[in-house]
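**Q** Just passing along the structure, written as structure tokens.
The values are calculated or read from the model by the stated rules, or taken from the named source; none is laboratory data. Model, not experiment: these values are computed from the prediction. Cβ atoms come from the backbone with ideal geometry, glycine included; neighbour counts cover every protein chain shown.
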Amino acid sequence: MDQLIIEGGRPLRGAVRISGSKNSALPILIATLLTDEPCRLGNVPTELRDIKTTIRLLEALGKKIAVRGASVTVTGSGSLKTQAPYDIVKQMRASVLVAGPLLARFGLVRVPIPGGCAIGLRPIDIHLKAFRDLGAREISDHGDVILSAAPQLRAGRVRFKFPSVGATEHVMMAAAVTPGRTIIENAAREPEIEDLQDFLNKLGAAVKGAGTARITVDGRRQLRGAAHSVIPDRIEAGTYLIACAAAGGRLELRGARARDLSAVIAALRKTGARIAETKNGLSVDMRGRPASVSIKTAPHPGFPTDLQAPWMALMAVASGASIVTESVFENRFMHAAELASMGASIGVAGGQAAIAGVAGLTGAPVMASDLRAGAALLIAGLAAKGKTTLQRVYHVDRGYERVEAKLRAAGARVRRVNPARRRK
Ligand code: EPZ
């Protein structure tokens, strides 16, 4: 298995190009199931493992896919399978999002229920209740859920108990091919929802309100094909901003959008980082040690849970104490113990972590437990003195394209090794 070797303690300098958003590309690729006509998607982070998995999923369901660099063409009309393969859903929970489009188009779908993962139980009850509210019947069978709607789903009103990102996307997609008006209340407001709305409208649906808590979808039985370019990855951009604040230096993030990162930029400014919008994106300039700043994660526009772990790595080297509160996921502090092995002082109780910043971290062998925990350890490795060996890099590869190449271009000493391959 690949490892990253990081020789830390060097400031970052240079420019990094931000890739297309993983969490936007994923539902948009799945939304191509709504039409029989060709779709051409640009700025897709095709090197990410999760995007490769999504492409395999679409192929397993009957679509044909051509990938060229960051552009993906999806074709294939007519017969699609209405059963999602277990081995793919097991690898990537977001695969369940195929259920809604297939149910809405064909009146029947069978999908495995994804289990928990390192960051918590992650049930799909909000998704299932919404489909029941739109007239679906639900049967559980050997770990699968079978949803049926005869003759088809009914447009209507859905109100979420929590603004789930996945459930919002899921219902938007299904409603787009369900004639009549569907209203989603307490919808998630993430930028990825707005990107999906743009794509669905290009397909010929009429979707309004993304970015607010109330989304209206006027569905049409038949949608056409479309071309669309995916928005930049705000979480990748936020990770590099935080990395530069932790390691010091000056970095330009080409393609990053300030408006998607307002809570993160506000918190970073309080640490002493100077952040500015440039012609090409965003720049960050950090001199000296960061000041400590407490944060609490919340649905957008709050501080994103996906940057909680990177933030903890930054606070580990801040001057003073801070509290990091995780309010979106129940178990997203696996990185705390690994950061402690590098010299960080962190105490975790329930959904809160108390961090006493230390003057410096020391490189150590550490292990990524999930994608963003991996990003946090990478940041800690960049800020630490000495050598850090990050294991289970495959987690990082789910969400960061060419991470070592991008960091190297910014002056970091990072290389990928595979000890097993070397021994052969
Ligand atoms: C999306 O996951 C993202 N994934 C996650 O990014 C991100 O952390 C999360 O939104 C929150 O911003 C993708 O977009 C592919 P949710 P999603 O439904 O849709 C609970 C990353 O690192 N919940 O908003 O699964 C759930 O357990 C990933 O890139 C229910 O209780 O998130 C969680 O505590 C990880 N019942 C909370 O809501 C449900 O039916 C938020 O989940 C659905 C969710």
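**Q** For the range 310-335, name all the residues that are at pLDDT 95 or above and more than 24 Å from ALA237 (Cβ to Cβ).
**A** Residues satisfying the conditions are SER319, GLY320, ALA321, ILE323.
**Q** Taking strands (runs of 3 or more DSSP E) that do not extend beyond the range 9-68, which have at least 3 residues that are touching a residue at least 40 places away in the same chain (Cβ under 8 Å) and over 22 Å from the mean Cα position of the chain (by Cα)?
**A** The strands (runs of 3 or more DSSP E) meeting that bar are 12-17.
**Q** Among the hydroxyl-bearing types (Ser, Thr, Tyr) and in contact (Cβ under 8 Å) with a residue 60 or more places away in the chain: does that describe THR239?
**A** Against the criterion (among the hydroxyl-bearing types (Ser, Thr, Tyr) and in contact (Cβ under 8 Å) with a residue 60 or more places away in the chain), THR239 qualifies.
**Q** Do you know which residues across the range 59-92 are within 17 Å of ARG224 (Cα to Cα), modelled with pLDDT under 95 and touching a strand residue (DSSP E or B) at 6+ places or on another chain (Cβ under 8 Å)?
**A** If the condition is that a residue be within 17 Å of ARG224 (Cα to Cα), modelled with pLDDT under 95 and touching a strand residue (DSSP E or B) at 6+ places or on another chain (Cβ under 8 Å), then GLY76 is the only one that fits.
**Q** Considering only the range 398-421, state which residues are under 19 Å from PRO232 (Cβ atoms), within 23 Å of the chain's Cα centre (by Cα) and part of a helix (DSSP H, G or I).
**A** The answer is VAL403, ALA405, LYS406, LEU407.
**Q** Taking the criterion of being within 16 Å of the ligand (Cβ to nearest atom) and under 18 Å from ALA31 (Cα atoms), would at least one residue in the range 149-164 satisfy it?
**A** yes
**Q** Also, I was wondering about something else. Within the range 82-102, can you find the residues that are surrounded by fewer than 15 Cβ atoms within 10 Å (Cβ to Cβ) and in a loop (DSSP other than H, G, I, E, B)?
**A** Across the range 82-102, there are no qualifying residues.
**Q** Let me confirm something: among GLY320, GLY302, which residue is within 12 Å of the ligand (Cβ to nearest atom), within 20 Å of ALA266 (Cβ to Cβ) and surrounded by fewer than 20 Cβ atoms within 10 Å (Cβ to Cβ)?
**A** Only one candidate passes the filter, namely GLY302.
**Q** Still on this model: Just checking, which of LYS63, LYS90 is under 16 Å from THR32 (Cβ atoms) and of a type in the set (D, E, K, R)?
**A** Checking each option against the conditions leaves just LYS63.
**Q** If you scan the range 189-206, which residues turn out to be more than 16 Å from the ligand (Cβ to nearest atom) and not in a helix (DSSP H, G or I)?
**A** Hits for the range 189-206 are GLY204, ALA205, ALA206.
Listed here are the residues, each with its yes/no results for (1) more than 16 Å from the ligand (Cβ to nearest atom); (2) more than 25 Å from the chain's Cα centre (by Cα); (3) basic (Lys, Arg).
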position: GLY351; (1), (2), (3): no, no, no
position: THR362; (1), (2), (3): yes, yes, no
position: PRO365; (1), (2), (3): yes, yes, no
position: ALA376; (1), (2), (3): no, no, no
position: ALA380; (1), (2), (3): yes, no, no
position: LYS385; (1), (2), (3): yes, yes, yes
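**Q** Quick one: in the range 185-229, of everything that is more than 18 Å from THR35 (Cα to Cα) and in contact (Cβ under 8 Å) with a residue 40 or more places away in the chain, which residue is surrounded by the fewest Cβ atoms within 10 Å (Cβ to Cβ)?
**A** Here the residue is ALA213.
**Q** Can you name every residue in the range 259-274 that is crowded, with 16+ Cβ neighbours inside 10 Å and within 30 Å of ALA213 (Cα to Cα)?
**A** Of everything in the range 259-274, those that are crowded, with 16+ Cβ neighbours inside 10 Å and within 30 Å of ALA213 (Cα to Cα) turn out to be ASP260, LEU261, ALA263, VAL264, ILE265, ALA267, LEU268.
**Q** Also, quick follow-up: Specify which of the listed residues (GLU338, GLU277, GLU330) is touching a helix residue (DSSP H, G or I) at 6+ places or on another chain (Cβ under 6 Å), of a type in the set (Asp, Glu) and surrounded by fewer than 21 Cβ atoms within 10 Å (Cβ to Cβ).
**A** Checking each option against the conditions leaves just GLU277.
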